[in-house]
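Working notes, structure below.
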Amino acid sequence: MILPPHDLLIIGELAAVTFLIGLLIGFIGAGGAGIAVAILTTVFSLPVHTAIGTAIAAMFFVTISGAISHFHEGNVAQRLGLVIGLSGAAGAVLGADSSQAISEQTLGIAAGLALWGLTALVWLRTRITNVAGVQRELSWPGEPARGAREWAAGIGLGATGGAAAAFLGVGMAPFLQLGLLTLHRLPLRQTVGTTMLVLVFISAAGGLAMARNGDVSVPHLIGLTIGLGSGAYVGARFTRRAPRRLLRATVVTVPFVAGSMLLFL
């Protein structure tokens, strides 16, 4: 398929802009859907519904390589991740279809407020991680036996996170990570890896549901995937070299700025 010059220009511009955003995403370990929605709506003037669908679809390509890497490193609670991921996929379809009834303006405001809420969750996650320390990081014997109540909590966590992600177009990684840390008591490395696996399911189902409703722009999807994917790969290499205070400040600041862009620009 040969794309017209206008689409090629969009791909090039978006890849260049989002490469810089990808550097930041890789640096702080975020998924980037909310930031992508803010960029697509405020800089590239996409309607909010289309921006959300495009960002969610792009996140599939951005997260799948990370999920594979975490799987090979033993950082994924496979059974728990599968259950939460499948329930998240179902929630994402419901969220994507439900968002069609919401006006562009209302959806943009809701997405901005959700990013502010996620800012608070990110801050809370950093506090919980600091208090918990690294004791459970030293060894992980594998997935323990889980009771029906814990499986039910996992299904609820996935369905809620998936619905919110596809409805609002925001990465629900902080919400999912908090649930895995507190409800399921996973070590931090397994929390990060399992969250990445869950996001693959959510972004795949949500992206397909939004595409079915005509809310995915192919040239913007290509540009976003190239920019975020390559930028995140490079940015991730600097995470361990960054001062801890700078990393914490950046993790909290990025979703707050993205939310402000959706609310005020």
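The values are calculated or read from the model by the stated rules, or taken from the named source; none is laboratory data. Predicted model, so just to flag it, every value in this text is computed and none were measured. No Cβ is skipped: glycine too gets one built from the backbone with ideal geometry, and neighbour counts run over all protein chains shown.
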Take L107 and decide whether it is in contact with a His (Cβ under 9 Å, 6 or more places away or on another chain), surrounded by 22 or more Cβ atoms within 10 Å (Cβ to Cβ), closer than 16 Å to L262 by Cβ and at pLDDT 90 or above.
-> yes
State all residues of the stretch 58-80 that are within 17 Å of the chain's Cα centre (by Cα) and closer than 20 Å to A165 by Cα; if no residue qualifies, say none.
-> A58, M59, F60, F61, V62, T63, I64, S65, G66, A67
Among the residues of the stretch 63-78, is there at least one that is of a type in the set (A, V, I, L, M, F, W, C), surrounded by fewer than 21 Cβ atoms within 10 Å (Cβ to Cβ) and in contact with a Ser or Thr (Cβ under 9 Å, 6 or more places away or on another chain)?
-> yes
Over 21 Å from F175 (Cα atoms) and either modelled with pLDDT under 95 or not charged (D, E, K, R) (or both), is that true of L94?
-> no
Out of A38, A120, A55, A16, which single residue is closer than 18 Å to A163 by Cα, assigned to a helix (DSSP H, G or I) and out of contact with any His (no Cβ under 8 Å at 6 or more places or on another chain)?
-> A55
